[in-house]
Amino acid sequence: MREPHACLSQTFLQVLLLARNRIGDKRMGALARAVGRHRALRCLDLSCNAIRFPGACHLAEAVRESATLQKLSLAGNKLRADGVFRLAHVAIGHASMAVLDLRGVELRKADRRKLDGRTRYTRLTFLIDQGAEADRGAWQGRGGATAPGGGGMVMEDECAPPLPPPLPPPPAAAVPASDGAIGSDETPSKLSVAAWLARVGKADVALY
């Protein structure tokens, strides 16, 4: 089996998707060192890889050393509050980190409040799938705002403003009198076409 960190031998690589590869904590050390040294990697997906606290410590060092990493997904791993806070401590003040996806990590209410207090008013966005103790949905660390729709990974540059309400239908055109006495801004009826054409001086009018 090819080792995960071997993919990072490509110096131009910007996005690396390694979800569901059973990496675990044992192989996380070599991968984390390669991530920290890489100078182009922007997005790393390590979802569902049975990563626990030791693996989170390796990743925290990788985030600290990386100058380009912006998005890190650890959704569906076996992390707990200690691993989450270790990563949060490094990611909050990082120059490039913008999104840390930790959906599927179970946190107690007290831990969520603590994490909210640490990440409030920062540029870093946390995505945490809240469990039965709270309403389900994606939680953003910036001010603890709830992402629209809930449950989805919402990037700030992808949150388009809501569409404006549909325009009301145009008012029905007034039907002119049959004697043809209409102004140039009125729509002609079939009974007054000749009078309207004579009045407005148009010859390229098509009626449908």
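The values are calculated or read from the model by the stated rules, or taken from the named source; none is laboratory data. As the structure is a computational prediction, the values presented were derived from the model and not from experiment. We place every Cβ from the backbone using ideal geometry, glycine too, and count neighbours over all the protein chains shown.
Numbers at a glance
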quantity	calculated
Only listed residue being of a type in the set (Lys, Arg), in a helix (DSSP H, G or I), free of Cβ contacts under 8 Å to residues at least 12 places away in the same chain and in the same structural domain as residue 17 (by TED's automatic domain parsing), chosen from 118, 113	113
Subset of region 1-18 that is touching a helix residue (DSSP H, G or I) at 6+ places or on another chain (Cβ under 9 Å) and aliphatic (A, V, I, L, M) - its residue that is modelled with the lowest pLDDT	6
Condition check for residue 148: at pLDDT below 90 and outside the structural domain of residue 51 (by TED's automatic domain parsing)	no
Output for region 99-142, where each listed residue is modelled with pLDDT under 85, crowded, with 19+ Cβ neighbours inside 10 Å and either closer than 16 Å to residue 68 by Cα or charged (D, E, K, R) (or both)	129
